[in-house]
Amino acid sequence: MKYDVIVIGSGPGGYVAANRAAQLGLKTACIEKEKSLGGTCLNVGCIPSKALLQSTEHYAWLQKESKNHGIECADVKVDFTKMMQRKSEVVKGLTDGVAGLFKKYSVDRIDGTAKFTSKNSVDVNGQTLEAANFIIATGSEPIALPFLPFDEKTVVSSTGALALPKIPKKMAVIGGGVIGVEIASVYSRLGTEITIIEMLDFICAGMDESLSKSLLQILKKQGLTFHLGTKLAKAEKKNGGFVLTLEGKEPSSLETEVVLVAIGRRPYTKGLGLEEIGLKLNKGFIEVNGNFQSSIPHIYAIGDLIEGPMLAHKASEEGVAAAEIIAGKQGQVNYMAIPNVIYTHPEVASIGLTEKEAKEKNLDIIIGNCAFRANPRARCAGDTDGFVKVIGAGLKKHLVGMHIIGPHASELISEGMMAIEKRANLQEIAQSPNAHPTFSEAIKEACGQALGISVNL
Ligand code: NAI
């Protein structure tokens, strides 16, 4: 069988690329080795974690906040089995949805593991498939600590952490990055004693410093313990759990039932046969040009396999662009307009340049802030932690960065995305009408504050 495009991997990069290629009239197949389509994001990443974050947020609200609204909730209990079942149902609904989309767009779904047998063919379960173009979208895998391999029961990656059979009493989290703080939030709300061990002196590296500092304070207030500037030196088995020896500013040890290792992810290219066909890798990543072409031009790569943040929506944008390029169109991705979100409570969301990055580029910047305690809707909701920070640059003060910690930050950041896409400046945002009262007024006010024209701050 000869295809125009074979996509390897059905995550948010791969399935989107396959659908777009088929939509553009290309004969397309998508090869997936797992039973369920959707990759890490849908099966063991973004979707199940957000389902559990939502459930546990409701629980935390009922326990801690409801009384402030005059609502008495006696005897609020968690049915963890039911919570996990619901999470699995959400995952199933969405992965079945991907299968439905393949049917709708006439993408051939091929079950099995692909291995290149030549530059134009792959083997899947003994069957040879040929294509004029390939898009590799096999994603990434969690990095393990060399002395503490994953068993996904007591030493877990995000995959195991999202499928634990019971709520652990204690969990040590190695790595205070996105996965660390999100999963720590889930279990902390369920009563697990959480200790986060982070090598750097701050959490969530890469975020604007103001967000990282504020999130740390808020998470501490929520009861999470942090050891910053600290590394895990040793882990010894004890009573079905571990005794961990920590090395760093304050050497110490702690006992834990479960260890979550969330120290980053690496590209997953195992078994694809890339070396055999001479495709160039750089530190495990596939090197691509601006058109997502690898060193073998008709083999494209997208998502976690190539440079840039490992984000589902970045992979999807690249998938669409690669399919369009193969179809002879001008596919491109505006990397400045890719948001970053952490789904803690409050949420953290960021787009464009951080203050540090803007300064390193010697941009002439102005900065505006609006705290959510000055936002009427946040007051009504009783959800006033956090702020919006905007960065404008150049003569016209175009928006180059927006950093939000606060209620619904994941949704609010879309305004920053559109402003950056359309090159809006702070004045245009400050002078656009917002519904009142809304959380989004905090963005308008932050822009106004930067320009000295806010009448509410
Ligand atoms: P990460 O890169 O966000 O954080 C890893 C942290 O571990 C870093 O702060 C690093 O300094 C620390 N670290 C590394 N080695 C260590 C050691 N030996 N001891 C202590 N600390 C150590 O990686 P994470 O959280 O594993 O996430 C992986 C990827 O998944 C990220 O690229 C992220 O973008 C993506 N992701 C995105 C989500 C979202 O968009 N909401 C949710 C979950 C994951």
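The values are calculated or read from the model by the stated rules, or taken from the named source; none is laboratory data. All values derive from a computational prediction rather than experimental measurement. Cβ atoms come from the backbone with ideal geometry, glycine included; neighbour counts cover every protein chain shown.
For the range 88-103, give me the residue count where each residue is out of contact with any strand residue (DSSP E or B) (no Cβ under 9 Å at 6 or more places or on another chain) and either without any contact (Cβ under 8 Å) to a residue 60 or more places away in the chain or loosely packed, with under 11 Cβ neighbours inside 10 Å (or both).
11
Against the definition (surrounded by fewer than 18 Cβ atoms within 10 Å (Cβ to Cβ) and of a type in the set (A, V, I, L, M, F, W, C)), how does LEU274 come out, yes or no?
no
Could you tell me whether any residue of the range 155-163 is within 12 Å of the ligand (Cβ to nearest atom), assigned to a helix (DSSP H, G or I) and surrounded by 20 or more Cβ atoms within 10 Å (Cβ to Cβ)?
Yes, that holds for at least one residue.
Take LEU211 and decide whether it is under 30 Å from VAL76 (Cβ atoms), more than 10 Å from the ligand (Cβ to nearest atom) and in contact (Cβ under 8 Å) with a residue 60 or more places away in the chain. Steps first, please.
On the way: under 30 Å from VAL76 (Cβ atoms): no; more than 10 Å from the ligand (Cβ to nearest atom): yes; in contact (Cβ under 8 Å) with a residue 60 or more places away in the chain: yes.
It is false that LEU211 is under 30 Å from VAL76 (Cβ atoms), more than 10 Å from the ligand (Cβ to nearest atom) and in contact (Cβ under 8 Å) with a residue 60 or more places away in the chain.
Just to confirm my filter: which strands (runs of 3 or more DSSP E) fall fully inside the range 284-403 and include at least 3 residues that are out of contact with any Leu (no Cβ under 9 Å at 6 or more places or on another chain) and at pLDDT 95 or above? Break it down into steps so the answer makes sense when it comes.
On the way: elements: 299-301, 340-342, 347-352, 365-371, 387-393.
Of the strands (runs of 3 or more DSSP E) lying wholly inside the range 284-403, none has at least 3 residues that are out of contact with any Leu (no Cβ under 9 Å at 6 or more places or on another chain) and at pLDDT 95 or above.
Take the residues in the range 289-328 that are over 16 Å from the mean Cα position of the chain (by Cα) and among the polar types (S, T, N, Q); name whichever of them is farthest from CYS204 (Cα to Cα).
SER295
Here are some conditions: (1) under 27 Å from TYR15 (Cα atoms); (2) without any contact (Cβ under 8 Å) to a residue 40 or more places away in the chain. ILE351 meets all but one. Which one does it not meet?
Here ILE351 meets the rest and fails (2).
Of the conditions (1) surrounded by fewer than 23 Cβ atoms within 10 Å (Cβ to Cβ); (2) within 16 Å of the ligand (Cβ to nearest atom); (3) closer than 20 Å to LYS270 by Cα, GLN293 clears all except one; give me its number.
(2)
Just give me the residues in the range 169-179 being surrounded by 22 or more Cβ atoms within 10 Å (Cβ to Cβ) and more than 10 Å from the ligand (Cβ to nearest atom), in sequence order.
MET171, ALA172
What residue, of THR128, THR138, THR113, is without any contact (Cβ under 8 Å) to a residue 12 or more places away in the chain and away from the ligand (no atom under 13 Å from the Cβ)?
Of THR128, THR138, THR113, the one residue that is without any contact (Cβ under 8 Å) to a residue 12 or more places away in the chain and away from the ligand (no atom under 13 Å from the Cβ) is THR128.
Scan (1) closer than 24 Å to ILE342 by Cβ; (2) in contact (Cβ under 8 Å) with a residue 60 or more places away in the chain for the single condition LEU426 breaks and write down its number.
Exception for LEU426: condition (1).
When you scan the range 72-87, do you find a residue that is outside the structural domain of ARG189 (by TED's automatic domain parsing), within 16 Å of the ligand (Cβ to nearest atom) and in contact (Cβ under 8 Å) with a residue 12 or more places away in the chain, even just one?
yes
When both residues are 6+ apart or on different chains and their Cβ atoms are under 7 Å apart, which pairs have a first residue that lies in the range 243-266 and is closer than 15 Å to PHE226 by Cβ, and a second that is part of a loop (DSSP other than H, G, I, E, B) and more than 9 Å from the ligand (Cβ to nearest atom)?
GLY248/GLY229; LYS249/GLY229
Give me a count of the residues in the range 223-280 that are under 30 Å from LYS33 (Cβ atoms) and among the hydrophobic types (A, V, I, L, M, F, W, C).
Adding up the residues that qualify gives 10.
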